[in-house]
Amino acid sequence: MSDCIFCKIAMKEIPAKVVYEDEHILAFHDIQPAAPSHVLVIPKEHIPSMAQLEEHHKVLIGHIHLAIQDIAVKLGIHETGYRIVNNCGEQGGQTVHHLHFHLLGGRHMQWPPG
Ligand code: AMP
Ligand code: ZN
């Protein structure tokens with residue numbers, strides 16, 4: 001998607017502070033951190049949101065979550081705990097329409113979320 005900011009980050013057309021990368025996914029620091037540690041994990045493939053996931057994405061989604069485990073270790077939040085958030089659609093609060101998982105840590109999280 002030529003006008004997608006996260007596709008541009010995945011293609012290195014826009015800079016980002018990358019914390020993890022492999023053939024299928026990329027993780028980088030959120031530009032407006034909502035916690036001391038706030039990383040976004042995205043597939044390199046343009047998938048607009050969770051609502052567009054298809055059967056063949058099963059492995060990719062599992063891969064993202066296993067990578068999040070490693071990223072949490074790298075960020076030093078694996079023992080204190082963390083939250084994984086996916087905002088889907090308008091009422092879910094999604095603003096960037098390229099699938100991404102927020103990994104948040106370094107402070108106590110509130111419940112219920114806003
Ligand atoms: P969401 O509201 O769930 O769609 O989350 C989008 C997130 O992307 C927000 O937390 C933004 O701060 C973050 N964001 C937007 N543009 C950039 C960027 N260029 N680099 C890093 N994070 C970004
Ligand atoms: Zn995209």
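The values are calculated or read from the model by the stated rules, or taken from the named source; none is laboratory data. What you see is a predicted model; the values in this text were computed from it and never measured. Positions of Cβ are backbone-derived with ideal geometry, glycine not excepted, and every protein chain shown enters the neighbour counts. Just the protein is used for accessible areas: all its heavy atoms, side chains included, with ligands, DNA and RNA removed. Shrake-Rupley method; radii C 1.70, N 1.55, O 1.52, S 1.80 Å.
From helices alone, the chain scores -7000 deg cm²/dmol at 222 nm; the rule is -39500 (n - 2.57) for each run of n ≥ 4 DSSP H residues, then divide by the residue total.
Between helix 58-75 and the chain there is an angle of about 40 degrees, using the helix long axis and the longest principal axis of the Cα atoms.
Here the translational diffusion coefficient of the chain follows from Stokes-Einstein with Rh set to the Kirkwood radius across Cα pairs; for 25 °C and 0.890 mPa s it amounts to 169 µm²/s. Using a cutoff of 8 angstrom between alpha carbon atoms and counting only pairs six or more residues apart, the relative contact order for region 5-105 works out to 32 percent. As a rough guide to protection, the peptides 103-109, 17-23, 76-82 ranked by mean Cβ packing within 10 Å, highest first, stand as 103-109, 76-82, 17-23. Using a probe of 1.4 angstrom and keeping all protein chains present, the accessible surface of the chain works out to 62 square angstrom per residue. Each of Phe6, Phe28, Cys88 was scored by the projection of its Cα onto the charge dipole of the chain, and the greatest displacement toward the positive side belongs to Phe28; charges sit on the C-beta of Lys, Arg, Asp and Glu.
In the chain, carbon and sulfur make up what percent of the accessible area (probe 1.4 Å)? Taking all protein chains in place, the chain shows 55 percent carbon and sulfur surface. Think of it this way: in the chain, Cys88 stand alone, with no other Cys Cβ under 4.7 Å. Using the average count of surrounding beta-carbon atoms within 10 Å as a protection proxy, the listed peptides 36-47, 86-97 rank, highest first, as 36-47, 86-97.
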